[in-house]
Amino acid sequence: MQERHLFEYAVIRVVPRVEREEFINTGIILYCAKLKFLKSVYSLNADRIASLNCDLNLPDLGKNLEAFVQICEGSASSGPIGKLDAASRFRWLTATRSTVLQTSKVHPGFCVDPVETITKLKRDLVL
């Protein structure tokens with residue numbers, strides 16, 4: 001039997017009008033400390049986002065979502081946050097904020113393969 005590893009994840013949400021508290025799930029951030037795994041995936045659905053706000057700048061939103069990916073990877077282009085350890089990057093990305101891009105509360109789980117798990121979470125919660 002394969003070993004199961006504790007992981008944490010949060011859903012990335014687009015909140016076009018923060019005051020209305022309506023959102024569309026657009027991505028996942030998954031962190032597994034034991035496997036040293038931190039990754040963010042997303043999918044922008046322009047039609048779904050437009051149903052809440054037609055004025056949202058989708059190219060800018062895509063750049064901001066790509067920044068989540070770069071920070072998870074610890075990319076040099078992700079600035080000082082990208083230089084932090086993986087746990088700190090995850091906590092920074094999932095901190096409560098009142099912006100167009102927000103994350104859900106952090107949820108725990110167990111997995112064998114974090115790549116398979118993040119793919120399943122994206123399929124079930126975003127697509």
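Throughout, read-outs are computed from the coordinates displayed, never taken from laboratory work. Note that this is a predicted model, so its numbers are computed, not measured. When we count neighbours, we look across all protein chains shown, and the Cβ atoms used for this are built from the backbone with ideal geometry, even at glycine.
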Around Ala87, under 11 Å between beta carbons, what's the net of Lys plus Arg minus Asp minus Glu among the other residues? +1
Over 21 Å (Cα to Cα) among Lys39/Lys63; Lys83/Lys120; Lys39/Lys105; Lys83/Lys105 -> Lys83/Lys120; Lys83/Lys105
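Return the loop-located trypsin sites (Lys or Arg not before Pro) in segment 1-33 (DSSP other than H, G, I, E, B) with at most 14 other Cβ atoms within 10 Å of their own Cβ; answer none if there are none.
Here the trypsin sites (Lys or Arg not before Pro) that fit, given the DSSP loop and packing criteria, are Arg4, Arg17.
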Relative contact order of the chain, please, whole-number percent, based on alpha carbon pairs below 8 angstrom and at least 6 residues apart. 36 percent
Find the relative contact order for segment 38-84 and round it to a whole percent, using C-alpha pairs within less than 8 Å whose residues are 6+ positions apart. 34 percent
From the Cα gyration tensor of segment 35-127, with a ≥ b ≥ c the square roots of its eigenvalues, which class applies: rounded if a/c is under 1.5, or else prolate if a/b is larger than b/c, or else oblate? oblate
